[in-house]
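Q: First the structure, then my questions, so here it is.
Taken together, the values in this text are just the output of simple stated rules run on the coordinates, not laboratory data. If you're wondering where the values come from, they're calculated on a predicted model, not measured in any experiment. Heads up, the Cβs are rebuilt from the backbone with ideal geometry, glycines too, and the neighbour counts pull from every protein chain shown.
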Amino acid sequence: LNNQYPWGIWIGIDVAGGVALAAGGFTTAALGHVMHREEFHAIVRPALLTAMLGYTFVGIGVCIDIGRYYYIWHPIFMWNGTSALFEVGICVIIYIHVLYIEFLPVVTERFIGRVDLPGTLARFNGRIDSLLRLLDRGLSRTMFVFIIAGVVLSTLHQSSLGTLMVIAGPKMHPLWQTPILPLLFLLSAVSVGFPMVIVESLLAARSFGLKPEMEILSKLGRLTAPLLGLYLAVKIGDMFIRETFVHLATFNTASVMFMLEVLLGVVLPLRMLMSRAVLKSPPLLFTAAALVVAGVLLNRVNNFLVAYTPAYSIGSYHPSFGEFSVTVGFIAILVLLYRAAVMIFPVISLPDRGASARAKYSIRG
C-alpha cells in the first residue's frame with residue numbers, strides 16, 4: 001500500500017470478500033426462519049456464528065485499513081446520505097449488532113440453570129439466572145424483528161459494495177464495469193451463502209469427528225444450482241448487451257482472471273451441483289461448494305484489485321509481506337474463535353427438544 005494504491009488485499013479480501021462469504025448468515029436465516037423450512041434449522045446456528053465472526057473481522061479490517069482507526073466512529077454522527085460508502089458503513093455497523101443479538105439465545109440456552117460463579121460472587125447466581133430467563137423471554141417475542149432486519153440490511157450493503165465500483169467509472173476494466181454491478185454483487189452473495197455453509201459444516205464435522213448432515217447439505221447444494229444459474233445468466237447477458245466479450249480475446253491478465261472467475265467459480269460448480277452423485281458425496285459436494293466460495297472471493301479480488309486502476313498509479317500493485325500476514329492472521333484467529341465458540345456454546349449440537357425448540361424464533365405466518 002502507498003499513495004498510488006490506497007487499498008489492497010485488506011479491502012479486496014478482508015472486507016469485500018469477508019462480507020460476501022458471511023452471506024450464509026442471512027441466507028440461512030431467511031430459509032429457516034422466514035420461509036419456515038424447518039429441516040434447515042440445524043445449520044442456522046453455525047451459519048450465524050460464521051457471519052457474526054466474519055463481520056466482526058470485517059470491522060477490524062476496516063479499522064486497520066483506514067490507518068486513522070480513531071475516526072471509525074465518524075459515519076455514525078457525520079452522515080452523508082448521497083454516499084454509497086456511508087450506506088455500506090451504517091448497514092454493516094447495524095448488522096453487526098443484529099448478529100450479536102441473534103446469537104444471544106445461544107448464550108442464554110447455555111447458561112440458564114447453569115450459572116455457578118465462584119466464591120463470594122456466588123451470591124449473584126440467582127440474579128444472573130433470572131436476568132438470563134427474562135432476556136430469553138424477551139428475545140422470543142422480538143426476535144422476528146431482528147431476523148427481518150438482518151435479511152434487509154444484508155441485501156442493502158451487499159449491493160452497495162457494487163455501487164462503490166460503479167462510481168469508479170473508467171478506472172474499472174470494461175469486463176467488470178457495468179451499471180448492474182450492484183445486482184451482480186447481490187446475486188453472487190446470495191449464491192455463495194449456501195456453499196459457504198456447506199464448506200463450514202463439512203470442515204466442522206471433520207474437525208469435531210461428527211457425521212456430516214448430508215441430507216440437509218445436499219438440499220442446500222440443490223438450492224444453490226438455480227441461484228448460480230441466475231447469476232451466470234445475468235452476468236453473461238450483460239456482457240453481450242454491452243458487447244464487452246471482445247475484451248476476452250486480448251488474453252491479458254484481466255481476461256484470464258475473468259475466465260478463471262466464471263469458468264472455475266460458476267460454470268464448473270454449477271455443472272457439478274446438477275449431478276445427484278455430487279450431491280450425495282461429501283468430498284464432491286465439498287469440492288463444488290469450495291469452488292463457488294473461491295469464485296466469489298476471486299470476483300471480489302478482481303473487482304477491487306485487478307479491474308480497478310487508480311488514476312495516478314505507476315506500475316502495478318503487489319501486496320507486502322505485512323499485508324499478507326495481517327490477512328492470514330485474521331483467518332487463523334477467526335477459525336480459532338469459531339472452534340472455541342462451538343466448544344462452549346450449543347452451536348452444532350442442538351438440545352434434545354425436537355423441532356419445536358429449533359423453530360423457537362421462526363417468524364410465524
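Q: Can you work out the FRET efficiency for the pair R141 and K280, with r the C-beta to C-beta distance and R0 = 56 Å, to the nearest 0.05?
A: Between R141 and K280 the formula returns 0.85.
Q: Then there is this: Among P46, A205, S130, which residue has its Cα furthest toward the positive end of the charge dipole of segment 9-344, with +1 on Lys/Arg Cβ and -1 on Asp/Glu Cβ?
A: With unit charges placed on the Cβ atoms, the residue in question is S130.
Q: If we count other beta carbons within 10 Å of each Cβ, what is the order of D136, D14, D65, fewest first?
A: D136, D65, D14
Q: Taking the Cα centroid of segment 6-35 and of segment 211-265, what is the distance between the two, rounded to the nearest whole Å?
A: Comparing the Cα centres of segment 6-35 and segment 211-265, I get a distance of 17 Å.
Q: How large is the dipole of segment 88-137 about the Cα centre if only Lys and Arg carry +1 and Asp and Glu carry -1, each at its Cβ, rounded to the nearest 20 debye?
A: Around 180 debye, computed over segment 88-137.
Q: Still on this model: Exposure proxy check: Y69, Y5, Y55, Y100 ranked by fewest other beta carbons within 10 Å?
A: So the ranking, lowest neighbour count to highest, is Y69, Y100, Y5, Y55.
Q: Once you have the alpha carbon radius of gyration of segment 212-269, what is it after dividing by 2.2 N^0.38 Å, with N set to its residue count?
A: Details: Rg = 14.9 Å, N = 58, 2.2 N^0.38 = 10.3 Å.
Its radius of gyration relative to the 2.2 N^0.38 Å reference: 1.44.
Q: Which one of V292, P282, G24 has its Cα pushed farthest toward the positive end of the charge dipole of the chain, where Lys and Arg give +1 and Asp and Glu give -1 at the Cβ?
A: P282
Q: How much length is gained on full extension from T287 to Y71, taking 0.36 nm per residue of separation minus their Cα-Cα distance?
A: 73.6 nm
Q: Give me F330, F194 sorted ascending by neighbouring Cβ count inside 10 Å, so fewest comes first.
A: On the way: F330 20, F194 30.
Placing the least packed residue first, the sequence is F330, F194.
Q: Assuming R0 = 56 Å, can you tell me the calculated FRET efficiency for the pair S130 and F251, based on Cβ-Cβ distance, to the nearest 0.05?
A: 0.25
Q: What are the equivalent ellipsoid semi-axes of the chain, built from the alpha-carbon gyration tensor (square roots of five times its eigenvalues), in whole angstrom, biggest first?
A: Output for the chain: semi-axes of 36, 25, 18 Å.
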